[in-house]
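The values are calculated or read from the model by the stated rules, or taken from the named source; none is laboratory data. All figures in this text were calculated on a predicted structure; none of them were measured in a lab. Every residue, glycine among them, receives a Cβ derived from its backbone with ideal geometry; neighbour counts consider all protein chains shown. The area values use the complete protein model at the heavy-atom level, side chains included, leaving out ligands, DNA and RNA. Shrake-Rupley method; radii C 1.70, N 1.55, O 1.52, S 1.80 Å.
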Amino acid sequence: MRPAGVRAGLSRGSLATAGLRWVHLVLGGALLMPYFLLAQVVVGVVSGGVNALASLPLSLVAYVVALPLAAVSAVFPLVRPMSVAAVRALCGVPEERLASGPGRSWAARGRASVWWTLHLGVGALVSGMTLAVPPMAVMLVVLPVVSALRKPPVGLGWFGTQAPLYVAPFAGVGLLAGLGLCAVGAGALLARVAPVLLGPTAADRLAAAEERTADLAVRNRLARELHDAVGHALSAVTLQAGAARRVLDTDPEFVREALAAIEDTTRRTVGELDTVLGLLRDGDGVGGAGGGGEWSGAAPAPTLAADLEGLLARCRAAGIPITVRQDPGPVGDWGQLPAIVSREAYRIVQEGLTNALRHGGGPVDLRILVHDEGHGRGPRGEHDLLRELELSMTNPPAGPAGPAGPADATGREPRTGGGRGLRGSAERAALLGGRVEAGPRPDGHWHLRAVLPLGGTPR
């Protein structure tokens, strides 16, 4: 019973596919009509004013003339996506075997033109047969019982004089079967040819690969922003809440300060989260694949110039001492840093402080400076200066694990190595042409160093 059911299902599916392909062919015939009407006017004028529709030879000539007109019009780029949509919906061709979007090259447009001409030409023939054959077949089937059909002007009296009358119904059924076979064969032919003429070209595959690369770059960018913003907030809030819980009965003032810091941290993080979610809703990246564009979300992205002091205050409120040494150098003011460098530098510092909150066991030494380095020679032999922003952060490791588990007395976990945050910081620096180094020093302290180029100036 099951094999029979499967065969019945396949049969129904095949019949449905054949029917849709027949509709596709009829659609092609309908699309050829404007070209055919224009061609029959031209043919009628050339033939001395004869109505081409009243003459079968002239109608065939008009049909032949209409095909080059259709081929020329199919060079326009939008013809291919329209054809692809029709083939995908009516011909049963898998979507992955068809191209998407307009033709980007003349080779793609030429293939689309060949398909358009083939579809319209074959569709016109099948459409004409679909209009003419069924009425004729019905007349032949009922001819033995309707004597009027054997008299003029119908002229089917040939049956009964030149051929037995009982042959007419079989001839009518044969015409219908032939029409069905022609339609099924033509539909199968177009379905087989469609991936060849409407499939993706090398340029289409390259464009699709570039689009996927850009999408992945945007997704990675957004993932880094979410990780850095939310991860830092959760680490700070966890430490502040843990510290407040331990001194809840002995130091109410500290608890109030911790709760205020938690409120400030969460409020700011919600704003940053709205920014990232706004980018996701808009479908826009952060400057494309390179991530160098401006933010367009609900709030501006935090920067080193505007938000460093708030970041340090929140970390200090979480119970981690921070010593900061800043040397703007030739820049003179952090506000003069390039916007993209200021944003990425803030995120790198934020990630370093987050790691110190999670794993550190002591005070953090943070250095931010701008310095010049010799970089080659100019056309007159003078040295070029490459300005760099250097971020350096050092903190001692966490203490040994106690009986309660792997966390130390402050609730911090011992460092076990870099995670997604450090990889994200390295990616941020690499997008700007910089570098990030992180790891334990010989004395056991954890050290993070990032160098971001600011551009070169002649000396």
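Below are the figures for this structure:
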quantity: Residue in segment 426-459 that is modelled with the highest pLDDT, counting only those that are among the charged types (D, E, K, R) and in a loop (DSSP other than H, G, I, E, B); calculated: Arg441
quantity: Complete set of residues in segment 237-253 that are at pLDDT below 80 and open to solvent by 60 Å² or more (accessible area, probe 1.4 Å); calculated: Thr238
quantity: Inter-residue pairs, beta-carbon under 7 Å, first at pLDDT 90 or above and open to solvent by 40 Å² or more (accessible area, probe 1.4 Å) and in segment 68-86, second hydroxyl-bearing (Ser, Thr, Tyr) and part of a helix (DSSP H, G or I), 6+ apart; calculated: Leu69/Tyr35
quantity: Selection within segment 35-60 - under 18 Å from Leu131 (Cα atoms) and at pLDDT 85 or above; calculated: Phe36, Leu37, Ser59, Leu60
quantity: Complete set of residues in segment 162-183 that are open to solvent by 50 Å² or more (accessible area, probe 1.4 Å) and within 30 Å of Ser14 (Cα to Cα); calculated: Phe170, Val173, Leu175, Leu176, Ala177, Leu181, Cys182
quantity: Condition check for Arg358: open to solvent by less than 40 Å² (accessible area, probe 1.4 Å), closer than 25 Å to Leu239 by Cα and modelled with pLDDT of 55 or more; calculated: no
quantity: Hits in segment 248-272 (condition: closer than 30 Å to Arg343 by Cβ and of a type in the set (Lys, Arg)); calculated: Arg267, Arg268
quantity: Flag for Leu366 being aliphatic (A, V, I, L, M) and either outside any helix (DSSP H, G or I) or at pLDDT 85 or above (or both); calculated: yes
quantity: Qualifying positions in segment 244-266 - part of a helix (DSSP H, G or I) and touching a helix residue (DSSP H, G or I) at 6+ places or on another chain (Cβ under 6 Å); calculated: Ala244, Val255, Ala258, Ala261, Ile262, Thr265
quantity: Unmet requirement for Asp204, which otherwise passes all of (1) at pLDDT 85 or above; (2) farther than 19 Å from Leu20 by Cβ; (3) open to solvent by less than 40 Å² (accessible area, probe 1.4 Å); calculated: (1)
quantity: Matching entry among Ala89, Ala70, Ala62, Ala39 (being farther than 17 Å from Ala124 by Cβ and either in a helix (DSSP H, G or I) or touching a Ser or Thr at 6+ places or on another chain (Cβ under 6 Å) (or both)); calculated: Ala89
quantity: Residue match in segment 184-192 (condition: at pLDDT below 85, among the basic types (Lys, Arg) and either open to solvent by 70 Å² or more (accessible area, probe 1.4 Å) or within 30 Å of Arg428 (Cα to Cα) (or both)); calculated: no
quantity: Inter-residue pairs, beta-carbon under 7 Å, first farther than 20 Å from Arg224 by Cα and in segment 428-452, second aromatic (Phe, Trp, Tyr), 6+ apart; calculated: Pro440/Trp446
quantity: Residues of segment 101-152 that turn out to be in a helix (DSSP H, G or I), touching a residue at least 24 places away in the same chain (Cβ under 8 Å) and under 30 Å from Pro77 (Cβ atoms), as a count; calculated: 21
quantity: Pick from segment 91-127, criterion touching a Phe, Trp or Tyr at 6+ places or on another chain (Cβ under 9 Å) and within 21 Å of Ala18 (Cα to Cα), ranking: surrounded by the fewest Cβ atoms within 10 Å (Cβ to Cβ); calculated: Leu125
